[in-house]
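Every read-out reported here was derived from the displayed coordinates using simple, explicitly stated rules and does not represent laboratory data. Predicted model, so just to flag it, every value in this text is computed and none were measured. When we count neighbours, we look across all protein chains shown, and the Cβ atoms used for this are built from the backbone with ideal geometry, even at glycine.
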Amino acid sequence: MNSNTARVCGDWRVSANCRHDEPDSLFVRGRHQRDARAVCQGCPVLIECLSHALGNRIEFGVWGGLTERERRALLKRRPDVTDWSAFLGANPMIDPAADPARATRRAA
Ligand code: SF4
């Protein structure tokens, strides 16, 4: 359990930066996802969100600061990872919302 998990105590979504946003705002298409993910910058539950999306192979929308394309690339690069929460906890990344290219490279 990392400090973010301990802080949210329960459903991580209640502490999400995007909790008051229109849900559709994160389910835009194509290049608009790069703008949409700005809300993820500094999100206190980013790792939980990204782990959830990667672990459940969620294809659509912005999750954990990564676009659909970036998550697909990460999953392709790391087919060996079965527990994304543990993996991301053990391999701290910089905020992928701030620099997704660097974040996905580090996880490779
Ligand atoms: S990382 Fe982004 S999509 Fe995930 S909970 Fe935080 S703000 Fe919402």
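Quick one: order ILE58, ILE47 by neighbouring beta-carbon count within 10 Å, fewest to most.
ILE58, ILE47
Using 7 Å Cα-to-Cβ label points, what is the LYS76/VAL14 separation (nm, one decimal)?
Rounded to a tenth, the inter-label distance reads 3.9 nm.
ARG13: net charge of surrounding residues, Cβ under 11 Å, Lys/Arg +1, Asp/Glu -1, itself excluded?
-1
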